[in-house]
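The values are calculated or read from the model by the stated rules, or taken from the named source; none is laboratory data. Since the structure is predicted, the reported quantities are computational estimates derived from the model, not experimental observations. A quick note on method: Cβ atoms are made from the backbone with ideal geometry, for glycine too, and the neighbour counts reach across all protein chains shown. Accessible surface is based on the protein model in full, side chains and every heavy atom, while ligands, DNA and RNA are left aside. Shrake-Rupley method; radii C 1.70, N 1.55, O 1.52, S 1.80 Å.
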Amino acid sequence: PGLVDVVIAETGRKEQRHRSLPARVMAYFAVGMALYSEGSYEDVLGLMTDGLAWADPDAEPLALPSKSAIFQARERLGAEPIKALFDRVALPLATAETPGAWLAGRRLVAIDGTCLDVADTAVNDEHFGRPGVNKGERAAFPQARVVALAECGTHAVFDAVIGPYTTGENTLAHELIGRVEPGMLVLADRGFCGFPLWQRAVATGADLLWRARSNMAPRHVETLDDGSWLAEFRPSGNAGRHAEPLIIRVVDYEIDDGRGDPVGPYRLFTTLLDPGEAPATDLAFAYAQRWEIEGAFAELKTHQRG
């Protein structure tokens, strides 16, 4: 509660007079709407008051405000305190003992995007837009595009950027990738693998392990003992002719489909240049952890949001 009060004060949402639905209550209400997304305003507030009654059975029963009163209180709160609260409390959770959370002393995190339905209102339609469907029709709901960072070992989503459906994942990723930190090993699929985004991510001090697109051919420098190789990575086209290259390590491999047939080839780019610290086989296994963010999105969209 103290932290909730701090973010409310910092965002200028503290009440000047007593209200039946103060900002602190509405901050918890916003969290409640995420946890019970299938419920109405009254349903969610009813669950909150039931919880208060359970916690303090001697307290006087609370009379539920009207739907319009809840709406007005939510609008007074706005989005800023909830965003500030997320920024304060959404952090990686893995400890040194958490399985599947580390490689070569780095915390495994993944970046990826997804889309979420938002309420079918005129203002949401104008801001977010909605995908088209067959025969020129449009989807039933506007959609927000989300690019997020999730810790692979815990599925904790600890940072995210939200934009209109019409904004591409890579555009949002340029804003988000600057927030990764040294000590992280960032996994990304081939849709994100381009020189500008790679360069921006490297500048943070984090390490990278990204799948390369099939048409990417960095210049070979040296083959290493484990079969991986060092290469020069440059921008594509004319921009690459005079640009200073980045030295990366390339891992090429195939996987067995379980019936003895190979699947691939796969190509990974990484900033971990020393095979003694991170052998190629370990990197290939680690890249499979990228799918954990897909699992986190599925949990959010299918289970939490009903």
Loop GluC sites (Glu not before Pro), segment 205-306, which have at most 14 other Cβ atoms in a 10 Å radius of their Cβ (DSSP): 277
Contact order normalised by residue count of segment 142-242, Cα under 8 Å, 6+ apart, percent: 18 percent
Intensity falloff of segment 1-118 expressed as log10 I(q)/I(0), Debye formula with alpha-carbon point scatterers, at q = 0.09, 0.12, 0.19 Å⁻¹: -0.36, -0.60, -1.10
Estimated distance in nm for a label pair at residue 120 and residue 88, the labels positioned 7 Å out from Cα along Cα-to-Cβ: 3.7 nm
Karplus (6.51, -1.76, 1.60) ³J(HN,Hα), θ = phi - 60°, over segment 116-122, in Hz, Gly and Pro reported as x: 10, 5, 10, 4, 7, 10, 5
Heavy-atom accessible area per residue - the chain, 1.4 Å, Å²: 56 Å²
Cross-link partners of residue 67 among aspartates and glutamates (Cα-Cα below 13 Å; sequence separation of 8 or more within a chain): 42, 43, 75
Sites residue 68 and residue 181, calculated FRET efficiency, Cβ-Cβ separation with R0 35 Å, nearest 0.05: 0.20
Equivalent ellipsoid semi-axes, the chain, via Cα gyration tensor eigenvalues times 5, rooted, Å: 44, 22, 19
Solvent accessible area, Å² - residue 181, 1.4 Å probe, full protein context: 100 Å²
Efficiency of FRET between residue 5 and residue 138 - r from beta-carbon atoms, R0 45 angstrom, step 0.05: 0.60
Global geometry of segment 66-202, whether rounded, prolate or oblate, following the gyration tensor of its Cα atoms and the 1.5 cut on a/c: oblate
For residue 90, distant residues with modelled amide H under 5 Å away: none
Carbon and sulfur %, accessible surface of the chain computed with the full protein complex present, 1.4 Å: 53 percent
Loop sites in segment 1-42: trypsin sites (Lys or Arg not before Pro), DSSP, at most 11 other Cβ within 10 Å: 17
